[in-house]
Each structure stands twice: as structure tokens, then as C-alpha cells.
1. Between VAL146 and GLU105, what length in nm is gained on full extension when 0.36 nm per residue of separation is reduced by their alpha carbon distance?
2. Please state the relative contact order of the chain as a whole percent: Cα pairs under 8 Å, 6+ residues apart?
3. Ignoring ligands, DNA and RNA, what accessible area per residue does segment 94-154 give at 1.4 Å, in Å²?
4. Among LYS46, LYS121, LYS91, determine the one that fluctuates most according to a GNM of the chain built with springs between C-alpha atoms less than 10 Å apart.
5. Roughly what would the spin-label model give for ALA128 and LYS157, points 7 Å off Cα along C-beta, in nm?
6. I'd like the Karplus ³J(HN,Hα) series for segment 124-134: coefficients 6.51, -1.76, 1.60, θ = phi - 60°, whole numbers in Hz, and an x wherever there's a Gly or Pro.
7. Among the GluC sites (Glu not before Pro) in segment 66-161, which ones are in a DSSP loop with at most 15 other Cβ atoms within 10 Å of the Cβ? Mind listing them?
8. Among all cysteines in the chain, which have no other cysteine Cβ under 4.7 Å from their own Cβ?
Amino acid sequence: MINQGRRALFRPQQDAPIRMPWTVVENDFLANCTRCNQCIDACEPKIIVKGSGGFPSIDFSHNECTFCQQCVQACPEPVFRSIDEQPWQLKAQINDGCLAQQRVECRSCGDSCEPQAIRFKLTVGMAALPQIDLDQCNGCGACVSVCPTTAITMISKQEKQ
Ligand code: SF4
Ligand code: SF4
Ligand code: SF4
């Protein structure tokens, strides 16, 4: 039964760009980011790219976020929240392209997941299927680039009271 009092909305990645961890809400971000690129230069894994309108956004296609906070330190503008707060509400989502769903054994995503948020469920006559524990997933994106069929996307989970 659906809990009407507390619903979780999942927004697909393509609906809105993913900003850096600890950024303020999108409207405030767009109003204050000067597109100076200092965060892009500071990010060692090079996952911050120049996105739509020249605003920085996250691209997990080659690497993951290490939560090093270098983007936060480098930015001269008020577009980041306190690093004592949760970095973001991003969670990984596995879609139908997953090899295990085609009965092909693959554990690449699980091997890359440091918080061990991906577990494999054994099913008779099938390859073990990956399942993401959303409470454990920190949204680092490490599982995205290692998936041979690009079956993993990052989505923003927004809680509505
Ligand atoms: S926290 Fe570090 S790795 Fe993550 S986006 Fe910022 S600079 Fe890049
Ligand atoms: S460092 Fe701050 S102001 Fe400059 S582009 Fe990055 S988020 Fe925008
Ligand atoms: S985003 Fe990071 S923590 Fe979440 S499932 Fe993928 S590798 Fe694990």
C-alpha cells in the first residue's frame, strides 16, 4: 500500500543536470554561479564538465565522485551548502540493459561499489541479479562507467512530506 504521507519522487538524470555535491537548490545555483570554471579545474577525477549554458555539471561516464570537497573549496560564490550536510540525494538505478537480466553473469557494478550497496540475488535458472540498497548508496557514480552496457543511471531522490 502506498504511503500517501511520504512519497519519494525519482527524477531521471536527463530531466535536469546533476550539479556538484553540496550545491544549493537549482534556482539559487543558477543565480549565483558565475561560470568561472574553478570547480572544473579543481576536480581531480575530472567529472565536472561545462554543461548547458556553460554551467558546471557532473558527468559520471568516465569516473566517480570521491567527495574530496575540492570543488567546494575552490568556488568563490555562495553556491555550496555546509559540508556537514548530506552531499546530495543521488542514487544509482539499474535498468533493463543489465546483462544479468539477459542471463549473462556480470558483477562489474558490485565490484566497483565501495559502500557495498549492490548485492546479487541468486535466482534459479538466471544469472544473479544486482539489487541496490538505496540507504547504502552514496551516489558516488562509480558503478556507472564500469557497466559494459551503460545500464546504470544516477537519479535524484527527492523526499516529499
Ligand atoms: S567532491 Fe571532489 S570528486 Fe566530487 S565533484 Fe567535487 S571536486 Fe570532483
Ligand atoms: S567555481 Fe563556483 S562560481 Fe565558478 S563555475 Fe564552479 S560553481 Fe560556478
Ligand atoms: S553510486 Fe556508488 S554507492 Fe551507489 S551503487 Fe553505485 S557505486 Fe555503489
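1. Details: separation 41, 0.36 × 41 = 14.76 nm, distance 1.45 nm.
Here the answer is 13.3 nm.
2. Details: 270 pairs, mean separation 48.6, N = 161.
Computed value for the chain: 30 percent relative contact order.
3. Details: 3470 Å² over 61 residues.
The answer is 57 Å² per residue.
4. LYS121
5. 2.2
6. 4, x, 10, 6, 4, 9, x, 10, 9, 8, 5
7. Working: sites: GLU85, GLU105, GLU159; in loops: GLU85, GLU105.
Those that pass, being in a loop and sparsely packed, are GLU85, GLU105.
8. Isolated Cys, the chain: CYS33, CYS36, CYS43, CYS65, CYS68, CYS75, CYS98, CYS106, CYS113, CYS137, CYS140, CYS147.
The values are calculated or read from the model by the stated rules, or taken from the named source; none is laboratory data. Here the structure is a predicted model, which is why all the values come from computation and not from measurement. Glycine also receives a Cβ, built like all others from the backbone with ideal geometry; neighbour counts cover every protein chain displayed. Just the protein is used for accessible areas: all its heavy atoms, side chains included, with ligands, DNA and RNA removed. Shrake-Rupley method; radii C 1.70, N 1.55, O 1.52, S 1.80 Å.
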